[in-house]
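Below: the structure, in C-alpha cells.
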Amino acid sequence: MELIPWPELHAMDQSIMQEILQYLFSGITNGAIYAVIAIGFSMLYNSTDLINFAHGEFVMLGSLCMVTFFGSMHLPLVPAIILTIICVAIAGLVFERLAIRSVKHPEPIVLIIITVGASIFLRGLGMIIWGKDAYSIPSFSSHPPLDIAGAKLLSQSIWIIVIFLVASVGLQLFYKKTLTGKAMEANAISKRAAWIVGIPSKLMVMLAFGLSTAMGGLAGVIIAPITMSSYDMGTMLGLKGFCAAMLGGLGSLWGALIGGFLLGILEALGVGFVSSGLKDATAFVLLLFILYVRPGGIISSADANRF
Amino acid sequence: MNNHQTRNRICYAVFSLLIILAGYTIENPYYIQVLTFIGINTLLALGLNMLMGYAGQISLGHAAFFGIGAYGTAILTVHYNLSPWLALPAAIAAAMIVAYIVGIPTLKLSGYYLGMGTLGFGMIVNILFREWSSVTGGASGFIGIPTLELGPVSFSSGRNYFFLVWGFVLTSFIICQRIIDSRIGRALRAIHDGEKAASAVGVDTRKLKLQVFVLSAAFSALAGFLYAHLVFFISPGTFSFIASIRMVTMVVIGGMASIWGSLLGASLLTLLPEWLHAFSEFEMVVYGLILMIVMIFLPRGLTRGLLDIYERANKKNDH
Amino acid sequence: MTTELPLLEIKTVFKAFGGVQALSDITFSLNPGSITGLIGPNGAGKTTLFNLISGVFPVDKGKIVFSGTGIKNKKPHTLVDIGISRTFQNVELFESMTVLENILVGQHTRTRCGMWGSILRFPWVAGEEKKAHQFAMELLDFVGLNGHADKTSGDLPFGWQRLLEIARALASRPKLLLLDEPAAGLNIVETMQLGDLIKKIREQGVTVLLVEHDMSLTMEISDWIVVLDQGEKIAQGTPRTVQADEKVIAAYLGTAGKKTED
C-alpha cells in the first residue's frame, strides 16, 4: 500500500471541502426554488384546506411566460418579471373562479381530481402555446461567478436567493403588517370567526389563490435561466415543492422555508455523494420518513391526522 | 336466496354472455385490442375501488403495484427463464408483500397525509424502475417479454388474449362481489362510514385496511402481468405518478363503491384518449377539461350522478 | 353490597391531557347485573372515563380490571371481543348502511368469516350469515325497530338512531354496556321508553354503566350512582343517599352558573 504524502492529503481534503461547498451552493439555490413553490402550497392550504396538484403547472407557466417576455420579446428584466407574475396570478384567479368555486361538496378526493384535471389542462395549454420544445433564457445579469474558497457561486444563484429573500420578507410583512394580510390569516384560522367580524371569506380565498399562484409564477421566473423550460416541467417541480411543504409542516410558512432548503441541500449532497440518478428519490424518501415519524412536519406539533 | 343475490347472478350471467359474444363477433383487431385494454384497466380500477370506494382509503401510488406485476413477470421470464404461469403468482406475491410492508406504516395516516404517503411510495418505486437499469432496462424500457402460451393454446392472437383478460376480469368481479357481500365487506364499509365507530363495534380496522390494501395490490399486479405479456415491452413511464392518478380517476369517474362503476370508469378512460386523438394537439386540454367538468358537476361519479339525475327527474314528474 | 365478584373494577385511575388532570384517583366497581349511573357537572371527566374503559385512550396510572383481567393497552376492538360494548354521545352509526347491516357489523366479533371464507364461500359461511341475520332481527325486535331492517340508517329519525346504536352495541353480546348520554336529544316519551329498554337490557344479564344528564332518568333506573366533579370522585351510593349528599349538591349548585367545557 502506498502512503499518500502529507501535502497531497491536505490538498485532497481541500478539494473535498470545495466539492461540498459547491454542492451546498447548488443545494441552497434549488432549496430557495423549492421553498418558493412550497410557500405557494402552504399559503393555499392554510386558507382553503386545498392541495393544488396543478401548482407545478403554474410554475411552468411562469417559466414559459418569462421565456416569452424576457427571452423572445427582450423586455427589460423587472417589467418582464412583473408581467409574468401578473399573467400567472390571473390564470390562478380564473382557475379559482371557474373550477374551484363551482364545487359544491369540496371533499379532498374530488378536489384532488379537479386540480389534477387542471394540471393536465394547463400542460396541454402550455403545449399549444409554446410547443414541445424546451427553451432556455440567459441569466438575469452577466456577472462572472463568484469564487468562494474555490467553489463557484453563479450570478443567477445570487439572483435567486435575493429574490427569494425579498419575496419571503415581503410576504411576512404583508401577513403581519397589512390589514388584508391579517384578515387572510384570521380567515385561515377560522372562517366562521372571520365571517362574524366581517371579513369577506370568498375574497380572501381568491386572494390566497392569486398570491399562491403568483408565488408559483415567481418560482418559474427564477428557475427559467438555470433549467430548460418546457410544457412538461411542472409536475416534478410541483411534487417536490409539495414534499418540501410537508417536510416543514403543511400550512406553515416557516415550515415551507425550512423544508425547501433542507430538501435542496440534501438532494444536492445526494447527487454529489450517492448517485445522480436517485436524486429525484431524495424528496420522496424524505417525505415518507417525515410522514412515518412526525406527520405534522418539522415545525408543527405532532397532532396531525393520525388515527 | 334473496333478491340481491339473484339479481347479481343474472348480472354476471349476462356479463359473461356479452364477453363471449363480443369475443366471437368482433372481427376488427383494433376493437379487440381496445377491449382488451379496457379489461386490464378494469382490473386496475376494481382493485383500487376496493380500497378507495369501500374502505375509504385513498392511494395515489397504486401504479407501483401495476409496475411490480409487469416488471416482476418481465424479469422472471426473461432473466430467469421462468414460465410466465409461475411468474404470475410470483409477481402477485411480490406486490402483496411490498403492499404489506409499506401498508403497515402508511395506513396509519389518513386524508391528505395518506394520499401523500402513497404518492411518495409510488414515486420511489417508479424511480427504481428507471434507475435500476441492470435489472429493469432503465428509462429505455424492458424488451423481449415472451408471449403467453398454455399447452397448444397461444395467446399471441388478439382474440385469445381478449378471452384471457376478460376471464380474469370476470373472476375478479365475482371475488370482489363475494367479499363485498360478506362480513368483511360490511366491516370495510363500516370503516368508510366511521373508523372510530367501526373499531368500537369490534372491527380491527388496522388489520382490515392492511388486508384490503394487499388485496388491491394483487389485482393491480395481475393487471401488470397481463399488460406486460400483451405489449411485450414496458417502460417506467407507464407506471408513473400520472398512471396512479389515472387509476384514481377511473374509480372516481366510474363511481366509488361500485363494481360496475369500475368497468364504466375504465372503459371511459381507455376510450377517451382514443376519441381525443381527433383533437390532435388539443387532446390534453380537452382531457383535462372533461375531468374537471365531470368532477364539478357529478362529484359522486358518473354511475351515481346519472342515477341521481334520473331520480330527480322522476320526483319532478310525480308532483 | 353483595359478595359477588365485581364485573368491572376501576382502581386509583389517573389520566391527564397535556397539563390538565382530567381524572385523578378514581376508584369504584360495578356489580354484575347492575345499572350504575355516572353523573357529574360538565367537565367532570365522565366521557374521559368512558374512553379509558373502552380503550380509546390508555390509562396513565392505576388499573381497570374487567372480569378479573386487566385491560391495560387493549385496543377498542379487543375489548368488544372480551365483552365491553359502547354507544356514543353523538350517535355514530354507519349512515350509508341499512339498519340490518349496522347490526350485522355489530356482530363482527361474534362471527368469523374472513377474506378467504368470503371469497370461497365455505359451507359454514352461509349458516353463520343466517344465524347472524336471525339474531339481528331479534335485536331489532328487542329495541322496537322491527319492520325497519332495510331502511338506510342515516335516514332514520334521531330517536330511532339511538335505539339502533344500542341494538348494534348489544349485537356483540356484551357483558358490560357503556351508554354515553343515551337520552340526549330525546323527548320525554322517548326518554321513558329508553329507561324501560335499559331495564330490559339488565334483565338479559348485561351490566350497564350509564353517563347521563337527565337526572330523573338516572335516579329512577340506577342501582348505584357514582358522582364525579372536576376529575375526582366526590360521592357514591344508592340514588337516595347520593341525592342527599351535601358535596354533590354543592358541586351541582357551585358550577351551575359557570359553564365549563366538557
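The values are calculated or read from the model by the stated rules, or taken from the named source; none is laboratory data. As the structure is a prediction and not an experimental result, all values here were calculated from the model. Note that we place each Cβ from the backbone using ideal geometry, even for glycine, and neighbour counts take in every protein chain shown. Note: areas computed on protein heavy atoms with side chains; ligands, DNA, RNA excluded. Shrake-Rupley method; radii C 1.70, N 1.55, O 1.52, S 1.80 Å.
With contacts defined as alpha carbon pairs under 8 Å and 6 or more residues apart, what's the relative contact order of chain B in percent?
It comes to 32 percent, rounded to a whole number.
Which of C:LYS61/C:LYS200; B:LYS209/C:LYS11; B:LYS196/C:LYS74; C:LYS46/C:LYS175; C:LYS175/C:LYS200 have a Cα-Cα distance over 24 Å?
Check vs 24 Å cut-off fails for C:LYS61/C:LYS200; B:LYS209/C:LYS11.
If you line up the long axis of helix A:77-98 against the longest principal axis of chain A, both from Cα atoms, how many degrees apart are they, to the nearest 10? So the helix axis and the longest Cα principal axis differ by about 40 degrees.
The modelled label-to-label distance between C:LYS247 and C:SER67, using points 7 Å beyond Cα along the C-beta direction, is 3.3 nm. Evaluated with a Cβ-only charge set (Lys, Arg +1; Asp, Glu -1), chain B carries a dipole of roughly 960 debye about its Cα centre, given to the nearest 20. Extents of chain A, largest first, come to 76, 52, 36 Å (Cα atoms, principal axes, whole angstrom).
How much of the calculated P(r) for chain C lies past 23 Å, in percent of all Cα pairs? Of the Cα pairs, 54 percent sit more than 23 Å apart.
Between the amide H of C:SER34 and those of C:VAL208, distances stay under 5 Å, these residues lying 5 or more places away or on another chain, with hydrogens modeled in the peptide plane. Ordering B:LEU226, A:LEU154, C:ALA244 by the projection of their Cα atoms onto the charge dipole of the protein assembly as shown, which places +1 on the Cβ of Lys and Arg and -1 on the Cβ of Asp and Glu, puts C:ALA244 at the extreme positive end. Only Lys, Arg, Asp and Glu carry charge here, each on its Cβ (+1 for the first two, -1 for the last two); on that basis the protein assembly as shown has a dipole of about 860 debye about its Cα centre.
Chains C and B together bury some 2700 Å² of accessible area, summed over both sides, with a 1.4 Å probe. Only one residue of B:VAL125, B:ALA74, B:SER154 has its Cα farthest out toward the positive end of the dipole of the stretch B:3-239, where Lys and Arg carry +1 and Asp and Glu -1 on Cβ, and that residue is B:VAL125.
Amide H contacts of C:ILE234 (H built 1.01 Å from N, in plane; Pro and chain starts excluded): C:VAL227, C:LEU228, C:ASP229 sit under 5 Å, all sequence-distant by 5 or more or on other chains. For the chain pair B and A, buried accessible area totals roughly 4100 Å², probe 1.4 Å, rounded to the nearest 100. Couplings 3J(HN,Hα) for the stretch C:109-120, derived from phi with the Karplus relation 6.51 cos²θ - 1.76 cosθ + 1.60 (θ = phi - 60°), are 6, 9, 10, 9, 4, x, 4, 5, x, 6, 6, 8 Hz, where x marks Gly and Pro. Here the accessible area is traced with a 1.4 Å probe on the protein chains. For the stretch C:43-188, carbon and sulfur cover 55 percent of it. Peptide C:96-106 has a mean shielding of 4, counted as Cβ atoms of other protein chains within 10 Å of each residue's Cβ.
Each residue of the stretch C:46-61 was assigned a 3J(HN,Hα) from its phi angle through the Karplus curve 6.51 cos²θ - 1.76 cosθ + 1.60 (θ = phi - 60°); the sequence is 5, 5, 4, 4, 4, 5, 5, 5, 8, x, 5, 10, x, 7, 6, 9 Hz, with glycine and proline shown as x. Considering only C:ALA244, C:ALA169, C:ALA22, the Gaussian network model of chain C with Cα springs below 10 Å gives its largest mean-square fluctuation to C:ALA244. The longest part of chain A holding none of the exposed loop trypsin sites (Lys or Arg not before Pro), meaning those outside H, G, I, E and B in DSSP with at most 16 other Cβ atoms within 10 Å, is A:133-307. Restriction of the trypsin sites (Lys or Arg not before Pro) in the stretch C:64-164 to DSSP coil positions whose beta-carbon has at most 13 other beta-carbons within 10 angstrom yields C:LYS72, C:ARG112. Have a look at the DSSP beta bridges in the protein assembly as shown and tell me what percent are antiparallel, nearest 5. Bridges in the protein assembly as shown that DSSP calls antiparallel: roughly 65 percent.
Relative to the longest principal axis of the Cα atoms of chain A, helix A:234-248 runs at roughly 90 degrees. Between the helical axis of A:179-189 and the longest alpha-carbon principal axis of chain A there is an angle of about 90 degrees.
Can you give the helix-only mean residue ellipticity at 222 nm for the protein assembly as shown, where every DSSP H stretch with n ≥ 4 adds -39500 (n - 2.57) and the sum goes over all residues, rounded to the nearest 500 deg cm²/dmol?
Theoretical 222 nm ellipticity from helices: -20500 deg cm²/dmol.
Annotation: lysines with alpha-carbon distance below 23 angstrom to A:LYS176 (same-chain offsets under eight excluded): A:LYS191, A:LYS202.
3J(HN,Hα) along the stretch B:299-304: x, 9, x, 5, 4, 5 Hz, from the Karplus curve 6.51 cos²θ - 1.76 cosθ + 1.60 with θ = phi - 60°, whole Hz, x for Gly and Pro. A dipole drawn for chain B from +1 and -1 charges on Cβ atoms has a positive end, and of B:ILE184, B:SER134, B:SER172 the residue lying farthest that way is B:ILE184.
For the protein assembly as shown, state the semi-axes of the equivalent ellipsoid (square roots of 5 times the eigenvalues of the alpha-carbon gyration tensor), sorted largest first and rounded to whole angstrom.
Square roots of five times the eigenvalues give 52, 38, 27 Å.
Using the 1.4 Å probe convention, the accessible area of the stretch C:7-165 works out to 42 Å² per residue with neighbouring protein chains retained.
Quick one: putting +1 on the C-beta of Lys and Arg, -1 on the C-beta of Asp and Glu, what dipole do you get for chain C around its Cα centre, in Debye to the nearest 20?
In total the dipole reaches around 840 debye.
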